[in-house]
Amino acid sequence: MRNPQLNSNGELTHLLTVEGLPRAILNQILDTAESFVPLADREIKKLPLLRGKSVFNLFFENSTRTRTTFEIAAKRLSADVYNLNINASSASKGESLLDTINNLSAMQADLFVVRHASSGAPHLIAQHVAPHVHVINAGDGRHAHPTQGLLDMYTIRHYKKDFTKLTVAIVGDILHSRVARSDIHALTTLGVPEVRAIGPLTLLPSGLEQMGVRVFTDMAEGLKGVDVIIMLRLQNERMRGALLPSAQEYFKHYGLTQEKLALAKPDAIVMHPGPMNRGVEIDSPVADGKQAVILDQVTFGIAVRMAVMSIVAGA
């Protein structure tokens, strides 16, 4: 069965999930992003690749960093960008998702960037748009956040070069994290030999071992000798019931402190998709320390989202 993200020539036409994408496509995105990174240092930060195209940011969930980096990326590609205030739109008055999309398509939309609380919403949209319209998933429910996964991969490649020699640990609320899923699929596709998941049993989903992941409930054991640590925030807004005794207890066992970081390799890098909860999943001296590359992730995110938009709109 053909991947719905690819056209008949095997080219990326939507980005809905990292899962199932071939390594060549992931490398194409990372290589394209690398060519865009120097643009940030130029006086004129514009390329004409999407000139005349209309990009609609549809964020049915709140987001500052992701929406802003998509907007910057689209503008650097010379696209016309429209940010919809969904809370004040017809969607808040009961208009269906597809009716909203159809009306915007009638306004000559070329690309939709969609964040939605319901898993699968971007896939549904991609099934109903015209062939010349493209959809990028900016996060759907607990399912996927492919551009975050890709910017994480870019950051890892930038600092560590060779995926095939790494041990990567993902720490925290993996159960509710669409970023963790995207990272795991990307890491395994790119050839990382050992991916670890570290967290309390209540925040570890079943099936991780089937995805090729080693599971640890003891953070000290899980961090031994790792090259990359990806910290995740506690997603309290997605939790149902009491999954943890307290934030203080969580920090004691699973918060990344300098003492716990010392168990990793001396040149290990620390990542976080944000927003960070300091004193809950990460200690400030670590977040602001020399091994943290968290702000670099944000910077690289613009180039990665430029790459994705330029590739799908050119397919």
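The values are calculated or read from the model by the stated rules, or taken from the named source; none is laboratory data. The model shown is predicted, which means the values in this text are computed figures rather than measured ones. When we count neighbours, we look across all protein chains shown, and the Cβ atoms used for this are built from the backbone with ideal geometry, even at glycine. To get the accessible areas, we keep the full protein, side chains included, count just its heavy atoms, and leave off ligands, DNA and RNA. Shrake-Rupley method; radii C 1.70, N 1.55, O 1.52, S 1.80 Å.
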Quiz item: Within segment 243-255, is there a residue that is among the aliphatic types (A, V, I, L, M), under 21 Å from Asp296 (Cβ atoms) and not in a loop (DSSP other than H, G, I, E, B)?
Solution: no
Exercise. State the number of residues belonging to segment 8-42 that are free of Cβ contacts under 8 Å to residues at least 40 places away in the same chain and among the β-branched types (Val, Ile, Thr).
Key: 1
Exercise. Go through segment 242-283 and count every residue that is within 21 Å of the chain's Cα centre (by Cα) and open to solvent by 40 Å² or more (accessible area, probe 1.4 Å).
Key: 4
Self-check item: Residue in segment 56-85 that is nearest to Gly274 (Cα to Cα), counting only those that are polar (S, T, N, Q) and part of a strand (DSSP E or B)
Solution: Asn57
Quiz item: Just wondering, is there one or more residues in segment 78-88 that are modelled with pLDDT under 95, in contact with a Lys or Arg (Cβ under 8 Å, 6 or more places away or on another chain) and open to solvent by less than 70 Å² (accessible area, probe 1.4 Å)?
Solution: yes
Exercise. Could you check Ala106 against (1) without any contact (Cβ under 8 Å) to a residue 12 or more places away in the chain; (2) closer than 21 Å to Leu223 by Cβ; (3) not basic (Lys, Arg) and say which number it fails?
Key: (2)
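Would you check which residues across segment 11-45 are within 15 Å of His134 (Cα to Cα) and open to solvent by less than 70 Å² (accessible area, probe 1.4 Å) and list them? Explain how you work it out, then say what you get.
Going through segment 11-45, the residues within 15 Å of His134 (Cα to Cα) turn out to be 11-17.
Result: Leu12, Thr13, His14, Leu15, Leu16, Thr17.
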Quiz item: Does Glu237 fit the bill of being surrounded by fewer than 16 Cβ atoms within 10 Å (Cβ to Cβ), closer than 14 Å to Pro200 by Cβ and modelled with pLDDT under 95?
Solution: no
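Please work out if Lys46 is among the charged types (D, E, K, R), modelled with pLDDT of 90 or more and in contact with an Asp or Glu (Cβ under 6 Å, 6 or more places away or on another chain).
Working: among the charged types (D, E, K, R): yes; modelled with pLDDT of 90 or more: yes; in contact with an Asp or Glu (Cβ under 6 Å, 6 or more places away or on another chain): no.
Criteria not met by Lys46.
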